[in-house]
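Participant: Attaching a single structure in structure tokens format; questions to follow.
The values are calculated or read from the model by the stated rules, or taken from the named source; none is laboratory data. This is a predicted model, so every value here is computed, not measured. Cβ placement follows ideal geometry from the backbone for every residue including glycine, while neighbour counts extend to all protein chains displayed.
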Amino acid sequence: MPSFKHILRSPFLYALASPILLSLAETPFDVGILRWVALVPLLILIDSPTQKRKRLFFIWLSFLLYITGQYSLVWSTLPFEWLRFESVWYARIALGFFFLLYPSLIALSALLFYYAHKKIYLFPILFIIVEYLRSIFFSALTLGAPSSVADNLSYGLLAYSVHGSEALLRLAPLLGIYGFSFFIATINTCIYALFKNKPFARTTIAAGTLLCIFFVGIEFFAFPTREKITGKIVPVISIERVVPARFTQIESYPLERALLYESRVREALREHPETELIILPENSQFIPSLARERDTSEEDVITDLLGKDTERMLVYGDYDYEEKQSRISFVSNLNPKMIRSLQKEILMPFGEYQPYIAGWLAKRVGGASWLEEIELYRELHSGEDGERTIEWRGNTIVGASCSEIFAPYIYSNLKKDPPNLIIQVQRLVIFHNDTRVWKHALAASQLYAATLRTYIVGSVDGGEGSYIIDPKGKLIGEKNESGYIYGTLHL
């Protein structure tokens, strides 16, 4: 039986420790204080005297475990149907192997960490390079006709772990996303260097105690603010999770959703008639569905719903079936004939399009006909870059749909001229109401709001509901049991 000392020296222990600590530091667990030491086991592994091949293997394994945990939520959207097995368990095993190929290849980027073994202070630089490459690799592996290779779908970035700390969110405009990851990796490296040679010396114990006090302070201390609030008050309502989960489209589903959303909007306006901005989730197809059902014009539906007593803007997710594009549509009750739309640029693999590799595998297992069938609904075209903003009352509004929330480069492009408001629309019912997706989206959005110092309002049809985030990254607004959240913006 191996001794305790032998276990402590095992590379597997350190390869396992970092992904566990990283996962606990991030949502949904949100033990944020662990972020400062989560990379220390990985640094011990990198700096160990283990043989090169063995060290490279355990570095790769550590990152593989972390990536697999982060992307495991995609499991609920994988297309089991086109694997023509009689037993669902055989299908799960086959798809499990297919699913593990992705993180196995993505984790190869972590091998760059090996080059920090001679100069450990290179680690923070290598860490942000690996975070960026991880997203690039994912987009390359899920490449399909409407997709692109960029740092999109950057899920589980280390920076997202700061969303619960008011003190750290104040640094967001200065550091940004990758800057935060670099900062956290640097602190981990310094802690490892501090305790590397003399872990029980008095100076290191004193330094460790001071660091603990400092980290606890910035994690839980709420700083008083005296910032003057300016801008016109805009009451906003964001409709939330009122629709049943559906993975694929059926003919009656858009109308079913539209009727549910209509009842929520009317109830919200009765309770808050001063509302000027109403937001519905992605893919609601709200106005067109009601117009077709009632055999009337979209203008009449808008006027009947929003009234004429107060100027109101309605925002809803929509599909353009002719152009095969997912859109965010904006319409005012003062000009119901003019509907402005922003096309969704970043589409979700295994959601709105099928990667080339999925099509290849479907044909190999006799599922090509099923794949062609779902392409009627899920093989969309991406919008062109730059079609992301509209002007309303002298304010710039940016729209982002679902998977675009996790695209750092979209928000980086906004830093030079930040908008007044970012509207996010999501459709999470395809994840069967798995709240992990919602929590990750919320954490990322809080950080982006603080980085750009702008409001973010999200309308979600699943998870734990819609949200309103102020320019400091704090959640605001009042939840209503009727299926919406109400709040005020200063624009």
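Participant: Does P103 satisfy the criteria of being touching a Leu at 6+ places or on another chain (Cβ under 6 Å) and either outside the structural domain of F214 (by TED's automatic domain parsing) or modelled with pLDDT of 75 or more (or both)?
Facilitator: Against the criterion (touching a Leu at 6+ places or on another chain (Cβ under 6 Å) and either outside the structural domain of F214 (by TED's automatic domain parsing) or modelled with pLDDT of 75 or more (or both)), P103 qualifies.
Participant: A follow-up question, please. Please state which one of S139, S135, S154, S161 is surrounded by 18 or more Cβ atoms within 10 Å (Cβ to Cβ) and in a loop (DSSP other than H, G, I, E, B).
Facilitator: S154
Participant: Check Y66, Y71 and return the single one that is modelled with pLDDT of 90 or more and among the aromatic types (F, W, Y).
Facilitator: The conditions single out Y66.
Participant: With (1) of a type in the set (G, A, S); (2) out of contact with any Pro (no Cβ under 7 Å at 6 or more places or on another chain); (3) at pLDDT 90 or above as the list, and S76 as the residue in question, which single condition is left unmet?
Facilitator: (3)
Participant: Looking at the range 469-491, which of the residues that are in contact with a helix residue (DSSP H, G or I) (Cβ under 6 Å, 6 or more places away or on another chain) and among the hydroxyl-bearing types (S, T, Y) is surrounded by the most Cβ atoms within 10 Å (Cβ to Cβ)?
Facilitator: If we take residues in the range 469-491 being in contact with a helix residue (DSSP H, G or I) (Cβ under 6 Å, 6 or more places away or on another chain) and among the hydroxyl-bearing types (S, T, Y), then Y484 is surrounded by the most Cβ atoms within 10 Å (Cβ to Cβ).
Participant: Then there's this: Restricting to the range 39-59, name every residue that is buried (at least 19 other Cβ atoms within 10 Å of the Cβ) and within 10 Å of Y114 (Cα to Cα).
Facilitator: Hits for the range 39-59 are L43, L45, I46, R55, I59.
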